[in-house]
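Contents: one structure, followed by commentary.
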Amino acid sequence: MEQKKLSANAHKMAVKISVFQSLVFLFYRFILRRNPKPKYQKCPSTLLQSHLSRDTLIFNLERSLLKSDSLFPYFMLVAFEAGGMIRSFILFILYPLITLMLSHEMGVKVMVMVSFFGIKKDGFRAGGAVLPKHFLEDVGLEMFKVLRKGGKRIVVSYDLPQVMIEGFLRDYLEVEVVVGREMKVVGGYYLGIMEDKTKHDLVFDELVRKERLNTGRVIGITSYNTSLHRYLFSQFCQEIYFVKRSDKRTWQTLPKSQYPKPLIFHDGRLAIRPTLMNTLALFMWGPFAVLAAAARLFVSLCIPYTLSIPILSFFGCRLTVKIDDVSSQKLNSSERKGCLFACNHRTLLDPLYVGFALKKKNIKTVTYSLSRVSEILAPIKTVRLTRDRVSDGQAMKKLLAEGDLVVCPEGTTCREPYLLRFSPLFAEISDVIVPVAVTSPATFFYGTTASGLKAFDPLFFLMDPYPTYTVQFLDPVPGVTCQDPEGKLKFEVANHVQCAIGKALDFECTYLTRKDKYLILAGNNGVVKKN
């Protein structure tokens with residue numbers, strides 16, 4: 001009985017606090033603040049001709065910065081990448097009911113609940129590693145130009161949680177202030193419930209009040225059709241510009257060349273934007289994808305190369321081989337023994353496809369973080385390196401003496417058209433190096449991961465409808481096998497090989513490393529579990 005009384009009293013206290021907060025908010029807004037009526041404008045593109053370097057711009061993210069009005073793709077990404085296949089399928093099944101039977105606010109709450117319930121807060125990395133790529137591909141170029149002109153940029157969202165949007169807006173659009181709705185957490189896990197809008201409005205209200213003291217104008221850009229957003233912005237801004245849906249249809253997509261920060265690293269398995277129709281196609285392909293991956297894996301492991309290549313082609317695998325003239329003479333030479341192939345790194349199957357291109361199964365490769373499962377199933381010999389320069393160099397020389405060796409000097413995969421810094425160790429173990437440029441576009445799934453289970457990487461690659469590889473052998477490059485006291489020549493060779501591959505693929509060379517990638521995407525230095 002006492003426990004029931006205590007819980008009842010606690011419930012009454014919570015209700016009183018909630019009511020008190022609402023009254024304080026209303027009193028502060030309507031009595032203490034008497035703002036002049038804002039100036040309304042219908043065409044935000046006119047701001048491109050204005051000088052805004054001293055003004056504060058407030059954007060409503062989903063209503064005025066993104067081209068699409070649908071939030072389903074972003075919640076589907078969270079459900080799939082952070083929650084798994086079953087959770088994403090539940091969201092997909094519920095979405096038609098959400099759109100037909102529920103209000104917008106209630107529909108968002110249901111999607112938040114399905115996507116976030118039970119997800120561990122500390123392990124949630126989709127906001128910074130997965131979502132930015134898809135948000136950037138949905139930004140309207142016209143509004144991006146307006147955003148960049150502002151002296152200070154504030155972006156507010158009434159529907160998306162703070163944890164979903166903050167990484168994208170701060171890191172990639174360089175927005176100074178992000179105001180989203182906080183998620184409730186119990187025991188380190190998300191409850192799937194966002195904080196009340198009253199608290200969100202109080203934070204927003206206080207923030208804009210401070211900005212008015214620092215700048216001459218506060219300009220709001222929001223949706224023309226949403227009365228709630230129009231009402232809230234009218235309380236804060238001297239000028240308000242409305243975006244209509246017809247305006248969004250004419251917007252161009254923000255090109256990659258104009259990203260404030262290049263998108264080099266991103267994680268997640270989905271290569272497509274999971275709109276409703278794309279998600280339908282994904283789930284329809286799912287059962288066939290599992291069967292196709294199993295068949296392709298069996299053929300790769302159990303059938304000789306001469307037979308496996310046409311069989312894999314029948315099962316949808318595609319391989320294009322390009323060989324430069326000098327490289328062709330080197331590869332076809334009868335005096336050739338072991339040859340060192342240095343290639344860029346797209347998936348864990350790069351060395352295997354180099355072997356397919358050479359029609360050899362006795363080719364060898366070295367790796368840092370290949371999972372034990374992949375190591376056991378690999379149809380070619382793989383040797384795990386220790387990150388000790390001397391012992392790794394000796395191991396690579398020994399393998400090269402036994403036959404052809406494939407190395408990936410980047411040390412990790414990169415999905416975008418960039419090349420990471422090449423480690424110079426490979427330049428010291430052979431007098432002749434054959435650079436190999438490889439590309440592997442993804443259809444449904446990426447065959448790489450930074451924070452997931454690496455044992456599944458080859459399976460996801462093989463689950464695509466048409467797993468595709470292009471392997472290009474470039475002209476050989478002389479290595480550094482002579483005395484090099486200052487150690488400069490090996491770096492010159494490594495940079496030369498990187499530039500040659502970058503030129504062949506039209507990729508941009510960078511100084512970023514494996515460690516940089518894993519710190520950004522996984523929050524560690526690249527040490528993975530052996531699974």
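The values are calculated or read from the model by the stated rules, or taken from the named source; none is laboratory data. Everything quoted here is computed from the prediction, not taken from an experiment. So basically every Cβ, Gly included, is an ideal-geometry build from the backbone, and we count neighbours across all protein chains shown. To get the accessible areas, we keep the full protein, side chains included, count just its heavy atoms, and leave off ligands, DNA and RNA. Shrake-Rupley method; radii C 1.70, N 1.55, O 1.52, S 1.80 Å.
Some values worked out for this structure:
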item	result
Wholly within segment 306-391, helices (runs of 4 or more DSSP H) carrying at least 1 residues that are of a type outside the set (A, V, I, L, M, F, W, C), out of contact with any strand residue (DSSP E or B) (no Cβ under 8 Å at 6 or more places or on another chain) and modelled with pLDDT of 85 or more	none
Candidates Pro435, Pro409, Pro424 - the one that is modelled with pLDDT of 90 or more, in contact with a Lys or Arg (Cβ under 8 Å, 6 or more places away or on another chain) and surrounded by 18 or more Cβ atoms within 10 Å (Cβ to Cβ)	Pro424
Cβ-Cβ under 9 Å pairs, at least 6 apart or on other chains, segment 241-263 side under 17 Å from Leu47 (Cα atoms), far side open to solvent by 70 Å² or more (accessible area, probe 1.4 Å) and among the aromatic types (Phe, Trp, Tyr)	Tyr241/Tyr40; Phe242/Tyr40; Phe242/Tyr224; Val243/Tyr224; Lys244/Tyr224; Asp247/Tyr224
Cβ-Cβ under 8 Å pairs, at least 6 apart or on other chains, segment 443-456 side among the aliphatic types (A, V, I, L, M), far side part of a helix (DSSP H, G or I)	Ala450/Ala129; Ala450/Lys517; Ala450/Tyr518; Ala450/Leu521; Ala455/Arg372; Ala455/Val373; Ala455/Ser374
Residue in segment 384-393 that is under 31 Å from the mean Cα position of the chain (by Cα) and either under 26 Å from Cys302 (Cα atoms) or open to solvent by less than 40 Å² (accessible area, probe 1.4 Å) (or both) present	yes
In segment 61-93, the residues that are among the small types (Gly, Ala, Ser) and either in a helix (DSSP H, G or I) or under 27 Å from Arg170 (Cβ atoms) (or both)	Ser64, Ser68, Ser70, Ala79, Ala82, Gly83, Ser88
Matching residues in segment 295-319 - criterion: being surrounded by 13 or more Cβ atoms within 10 Å (Cβ to Cβ) and small (Gly, Ala, Ser)	Ala295, Ser300, Ser308, Gly316
Only listed residue being buried (at least 17 other Cβ atoms within 10 Å of the Cβ), closer than 17 Å to Gln162 by Cβ and more than 21 Å from the chain's Cα centre (by Cα), chosen from Val146, Val114, Val108, Val130	Val108
Residue within segment 470-491 that is among the aliphatic types (A, V, I, L, M), open to solvent by 20 Å² or more (accessible area, probe 1.4 Å) and either touching a residue at least 24 places away in the same chain (Cβ under 8 Å) or assigned to a loop (DSSP other than H, G, I, E, B) (or both) present	yes
Where Ala82 falls short, out of the listed (1) touching a residue at least 60 places away in the same chain (Cβ under 8 Å); (2) open to solvent by 30 Å² or more (accessible area, probe 1.4 Å); (3) under 23 Å from Phe456 (Cα atoms); (4) not charged (D, E, K, R)	(1)
Val114 being farther than 19 Å from Ile193 by Cβ and in contact (Cβ under 8 Å) with a residue 24 or more places away in the chain	no
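Conditions tested, residue by residue: (1) without any contact (Cβ under 8 Å) to a residue 60 or more places away in the chain; (2) among the polar types (S, T, N, Q); (3) open to solvent by 10 Å² or more (accessible area, probe 1.4 Å); (4) farther than 16 Å from Thr279 by Cβ.
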position: Ser68; (1), (2), (3), (4): no, yes, yes, no
position: Ile86; (1), (2), (3), (4): yes, no, yes, no
position: Ile98; (1), (2), (3), (4): yes, no, yes, no
position: Gly151; (1), (2), (3), (4): no, no, yes, yes
